[in-house]
Amino acid sequence: MTFSRSFIELHVRLLSNGPEVFRPTRALKLGGGLFKLVASPDYHSRDEIWELLPGATVRVELHRGAKGDFPLAVRP
């Protein structure tokens, strides 16, 4: 039997780059509307301060941005 894990693309708010800066990344679907954040390949914790760290369990909300709506990781 083979199991497949599903990922989604979403954004994480950056805390060190101004009031409205977001970083695209991926998250693993856990079920029940929850996801586990995955670090992007070029993630370095000393260079970027993510509001929610890789490995955190999150839910997703649609965020209204200047260029349109996008999925944003938020606390469950």
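Odds and ends about this structure:
- Taken one residue at a time, the phi angles of region 8-15 give Karplus couplings (6.51, -1.76, 1.60, θ = phi - 60°) of 10, 9, 8, 10, 10, 6, 9, 8 Hz. Gly and Pro are set to x.
- Percent RCO, i.e. relative contact order, over region 7-74, from Cα pairs under 8 Å lying at least 6 residues apart: 32
- Projected over all directions and averaged, the alpha-carbon convex hull of region 7-74 occupies 4.5 nm².
- Counting charges near residue 6 (Lys, Arg +1; Asp, Glu -1) among other residues having Cβ under 14 Å from its Cβ returns a value of +3.
- Summary of the geometry: region 44-76 and region 14-37, compared by the centres of their Cα atoms, lie 3 Å apart.
- 13 Å beta-carbon shell around residue 20, net charge (K/R +1, D/E -1): +3
Every number here is computed from the coordinates shown, using simple stated rules; none is lab data. Bear in mind that the values here come from a model prediction, so they are computed numbers and not experimental data. Heads up, the Cβs are rebuilt from the backbone with ideal geometry, glycines too, and the neighbour counts pull from every protein chain shown.
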